[in-house]
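Heads up: the structure comes next, in structure tokens.
Bear in mind that the values in this text are calculations on the coordinates, not laboratory data. Only a predicted model underlies this, so the values are computations on that prediction, with no experimental measurement involved. Cβ: placed from backbone, ideal geometry, glycine included. Neighbour counts: every protein chain shown.
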Amino acid sequence: MRNGQVKQLELLPRQDMVLVEFKDGTNTRVNVFPNDQEVLRVAEASQVPLDVRHSEGNGAMSGLLVNGMLAVLVLGLLVLLFRRSANVAQKALGFGRSKARVQPEGSVPVRFDDVAGIDEAKTELQEVVTFLKEPERFTALGAKIPRGVLLVGPPGTGKTLLARAIAGEADVPFFSISASEFVELFVGVGASRVRDLFRQAKAKSPCIIFIDEIDAVGRQRGAGIGGGNDEREQTLNQLLTEMDGFEENSGVILLAATNRADVLDSALLRPGRFDRQIMVELPDRRGREAILGVHARTRPLSDEVSLSMWARRTPGFSGAELANLINEAAILTARRQKAFIDESALHDALERVTMGLGANPLQDSAKKRLIAYHEVGHALLTTLLPAADELDKVTILPRAGGVGGFARTTPDEEILDSGLISKAYLQSRLVVAMGGRAAEMVVFGPAEVTQGASSDLQLVTQIAREMVTRYGFSVLGPVAYERDGGEVFLGRDWMRPETEYSGRTGKAIDHEVQLLARQALEQAEQMLSSRRKLLDELVVCLIEQETISGEDFRERVKRHEATHPQLMPSRG
Ligand code: ADP
Ligand code: MG
Ligand code: ZN
């Protein structure tokens, strides 16, 4: 109620409207439903006088009735005009109360069975369910329960669905809110909504709070010149405070979803907050088949339909897009008055669904092949080089917020623990980073290489520079030309410290960096071209499967290397 700034309310029943007069003399009109009780309640609660005015005589009304058509038109216009102000006023009235949707226990119908194709994420979340159901099993052992789990992945991959499935499986109440609903209108509202939400949730523990699109409040603070957004920061601070204020094992688990974790404020990701991140990625071919299966459960498919064929035809589709495909097909089938969804309905549905998506880069097989070679290049080198990181998986499905595929590695535990990085490790990283460009060179020739490697090249340059200027890993000798500044690999380079060398040394450094980069590219090209057949095989396999796990990949490489022992990598 805008902090008691409202002087009085006047109900105009004829027009289904409330005239709101503010103390500063301004006023606004708000549409209400006929016989709406809400106005009375609000007025009473905030002790604002409410008048009812029967204005406008019958003359005007009958006039309008005579011009029936005109009346409809005018009313339509009025509704349009006032909808905005009505929304604003409604929000103002809802002040400070959390807008979370609450689903009490037993009322969330979603189960893990309804979520398909993202098995890794499901397995990880199984533990959260166990905790909510049988907290004693953990607390008896003195184990600390995660407070915050962050689901990260592209839109439509099933993050919201997964959160609901957890609540459904664990049979606990589910509080859900989109972070964008925290931030509205007046400074301080968001923060009080957060407080309110946590207060409600604690009363219902064990339960789940789900904050969708958390990047709306959780973006890096103070980024950019000209200061941040006060309201957003206050809301974020409140959220952090609430998370810290949780007693340990209070039974409230906070889930949040975002398309990108990289823009989130680092304070959110600290231990005790969202310290657990779960990647929810686009489904691969088998995953898509399973998702299609889930959505076909409740819809009659004709016998001729092969879901595995349809999974093949829909590379790059998210779960939501697959659900949409089946739904469109069902609608078309109903319209054609048929009993079963057949191939032709699915074909027409696919056309409709993809029209809105624009060209799907993965449909284009030439591009797909190039991406596959690029990523297999990275993956193969990291597998071959003894000092390099271990391959986690390689995929040609686009990453959240990016294009093309990726080859992901798990960083070496030993290095993480000790913080000691060897020269051999950094050299391997250079070679692996060059793997994408090298594969393009080897397969498509120097004229066909793409700019797809540009971020690889940035990484190479950064590592090579650090090797030369800070670690003394080059012929320029054991001299630190630059002081430590910020984290090594996290790219806070804009705070680059002052340099401590002459212009001539600067040139020598540049030269040395170039040399390291060129050598790495050469080694990468040599290693790949001497295994051309393996490279081709892996690419065929990747295009077919879209994703290869690290294990599977290593197995294939091992089999090949065993039959070609003369090609074992040169150590060092
Ligand atoms: P996100 O929150 O990641 O954007 P949603 O959970 O809102 O995606 O997904 C929207 C809809 O798409 C879901 O309600 C469901 O019908 C369908 N869907 C998405 N992912 C999956 C999946 N992995 N398995 C089954 N259905 C899915
Ligand atoms: Mg969602
Ligand atoms: Zn690359």
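General remarks:
- Value of D in µm² per second that Stokes-Einstein yields for segment 254-399, Kirkwood Rh from Cα pairs, at 20 °C (1.002 mPa s): 118 µm²/s
- The eigenvalues of the Cα gyration tensor, multiplied by 5 and square-rooted, give segment 139-221 an equivalent ellipsoid with semi-axes of 23, 18, 13 Å from largest to smallest.
- In this structure, the amide hydrogen of residue 219, modeled 1.01 Å from its nitrogen in the peptide plane, lies closer than 5 angstrom to those of 265, counting only residues at least 5 positions away or on a different chain.
- In sequence order, segment 375-388 has phi-based couplings of 6, 5, x, 4, 5, 5, 5, 5, 6, 6, 7, x, 8, 7 Hz under the Karplus curve 6.51 cos²θ - 1.76 cosθ + 1.60, θ = phi - 60°, and Gly or Pro positions carry x.
- For residue 151, residues with placed amide H under 5 Å, excluding near neighbours: 256, 257, 258, 278
- Neighbour counts of C-beta atoms inside 10 Å place 107, 205 in the sequence 107, 205, starting with the fewest.
- Straight-line cross-link reach from residue 23 at under 26 Å between alpha-carbon atoms covers these lysines, not counting any fewer than eight positions away in the same chain: 7, 91.
- Radius of gyration (Cα atoms) of segment 365-563, expressed as a multiple of 2.2 N^0.38 Å: 1.07.
- Kirkwood hydrodynamic radius (C-alpha pairs) into Stokes-Einstein, segment 285-355, 10 °C and 1.306 mPa s, D in µm²/s: 135 µm²/s
- Evaluated over segment 101-279, the Cα radius of gyration and Dmax, each in Å: 15.7, 50
- In Å, descending, principal axis extents of the Cα set of segment 189-335: 57, 41, 31
- Mean separation of Cα contacts under 8 Å, 6 or more apart, over the residue count of segment 365-563: relative contact order %: 28 percent
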